[in-house]
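Visitor: Starting off with a structure, shown below.
The values are calculated or read from the model by the stated rules, or taken from the named source; none is laboratory data. All of these numbers come straight from a predicted model, not from anything done at the bench. Note that each Cβ is placed from the backbone with ideal geometry, even for glycine, and that neighbours are counted across all protein chains shown. Surface areas here come from the heavy atoms of the whole protein model, side chains and all, with no ligands, DNA or RNA. Shrake-Rupley method; radii C 1.70, N 1.55, O 1.52, S 1.80 Å.
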Amino acid sequence: MKGFFSALLDLLFPPRCPFCQKLLAEGEAGLCSACQKNLPWLTGAEAEQKGEFYRRCVSPLRYQGEVRASIHLYKFKGRRGYAGVYGALVAQCIADHLAGEYDLITWVPLSARRRRKRGYDQAALLAGAAGRMLNVEAVPTLGKKRDTPAQSGLKGEARRRANVLGAYDVLNSVQVSGRRVLLVDDVLTTGATLSECARVLRTAGATQVVCATLA
């Protein structure tokens with residue numbers, strides 16, 4: 001019965017590549033063959049960035065072109081279904097670069113106000129999808145206690161750091177104390193948000209924080 005409904009949905013809403021929006025051809029899954037070949041993939045050392053309070057952050061893609069446009073649709077145009085494909089890409093990157101370096105998976109949360117407005121938390125969906133691929137349940141560990149202007153609208157690392165300083169707190173310190181935490185978000189730019197969340201987690205007793213983003 002599940003297969004029947006899946007086939008019906010594919011008939012009514014044919015699956016499209018989340019990056020170029022083209023219909024997937026027979027035999028293609030998740031990504032079209034052109035995007036599989038031509039997206040700005042990051043490999044080896046390019047896929048790893050160091051940061052303050054977190055050991056490193058890994059990402060499978062560079063934030064440009066079709067990747068930027070796709071993530072914009074995901075975050076602001078309700079394309080929450082992209083999380084499955086995104087999560088698979090992030091999970092593979094985690095497996096390649098961070099295997100054995102974390103005990104739990106969590107995410108950078110939206111404020112309650114922004115989550116209500118958007119209808120979902122894109123980082124939570126991404127962490128959940130990646131966790132399912134890795135057979136590790138993603139759990140909430142952080143809360144955003146005040147709404148802040150979007151980091152994308154601020155220029156300069158100093159302004160971005162100031163914007164998120166003190167904006168997050170740990171929901172349950174017992175949950176993270178003595179644990180190695182993998183923190184997931186959609187995009188890494190200056191690293192200010194990841195650094196602040198990692199600082200809060202380390203203050204609550206996390207022994208190590210590593211991060212993963214889609215781009």
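Visitor: Can we say residue 78 is surrounded by 15 or more Cβ atoms within 10 Å (Cβ to Cβ) and either outside any helix (DSSP H, G or I) or free of Cβ contacts under 8 Å to residues at least 60 places away in the same chain (or both)?
Guide: Values: surrounded by 15 or more Cβ atoms within 10 Å (Cβ to Cβ): no; either outside any helix (DSSP H, G or I) or free of Cβ contacts under 8 Å to residues at least 60 places away in the same chain (or both): yes.
Answer is no for this residue.
Visitor: Which of the residues spanning segment 166-195 are touching a residue at least 40 places away in the same chain (Cβ under 8 Å), open to solvent by 20 Å² or more (accessible area, probe 1.4 Å), under 17 Å from residue 55 (Cβ atoms) and not in a strand (DSSP E or B)?
Guide: 179, 188, 193
Visitor: Still on this structure, please answer the following. Answer with yes or no whether residue 86 is in contact (Cβ under 8 Å) with a residue 60 or more places away in the chain, under 23 Å from residue 192 (Cα atoms), surrounded by fewer than 20 Cβ atoms within 10 Å (Cβ to Cβ) and within 15 Å of the chain's Cα centre (by Cα).
Guide: no
Visitor: Every residue in segment 89-108 that is surrounded by fewer than 20 Cβ atoms within 10 Å (Cβ to Cβ) and of a type in the set (S, T, N, Q), please.
Guide: Scanning segment 89-108 gives a single hit, 92.
Visitor: Select from segment 56-73 the residues that are over 12 Å from residue 19 (Cβ atoms) and open to solvent by 60 Å² or more (accessible area, probe 1.4 Å) and list them in ascending order.
Guide: 62, 63
Visitor: Follow-up question, since we're still on this one. For segment 120-129, which residues satisfy the criterion of being open to solvent by less than 50 Å² (accessible area, probe 1.4 Å) and of a type outside the set (D, E, K, R)?
Guide: 120, 122, 123, 124, 126, 127, 128, 129
Visitor: Please enumerate the residues belonging to segment 140-158 that are modelled with pLDDT under 65, open to solvent by 30 Å² or more (accessible area, probe 1.4 Å) and more than 20 Å from the chain's Cα centre (by Cα).
Guide: 155, 156, 157, 158 - these are the residues of segment 140-158 that are modelled with pLDDT under 65, open to solvent by 30 Å² or more (accessible area, probe 1.4 Å) and more than 20 Å from the chain's Cα centre (by Cα).
Visitor: Going through segment 91-127 one residue at a time, which ones are among the charged types (D, E, K, R) and either more than 15 Å from residue 211 (Cβ to Cβ) or in contact with a His (Cβ under 6 Å, 6 or more places away or on another chain) (or both)?
Guide: 113, 114, 115, 116, 117, 118, 121
Visitor: Go through segment 1-29 and give me each residue that's surrounded by 12 or more Cβ atoms within 10 Å (Cβ to Cβ) and at pLDDT 90 or above.
Guide: Result: 16, 17, 18, 19, 20, 21, 22, 24.
Visitor: Is segment 43-58 home to any residue that is under 13 Å from the mean Cα position of the chain (by Cα) and at pLDDT 95 or above?
Guide: Yes; the residues of segment 43-58 include at least one that is under 13 Å from the mean Cα position of the chain (by Cα) and at pLDDT 95 or above.
Visitor: So residue 111 ticks every box in (1) in contact with a strand residue (DSSP E or B) (Cβ under 6 Å, 6 or more places away or on another chain); (2) modelled with pLDDT of 95 or more; (3) open to solvent by less than 30 Å² (accessible area, probe 1.4 Å) but one. Which box is left unticked?
Guide: Unmet condition: (2).
Visitor: Pick out the one residue from 132, 116, 161 that is part of a helix (DSSP H, G or I), at pLDDT 95 or above and open to solvent by 70 Å² or more (accessible area, probe 1.4 Å). Full working, then the answer.
Guide: Values: 116 fails: at pLDDT 95 or above; 161 fails: at pLDDT 95 or above.
Criteria check complete, one pass: 132.
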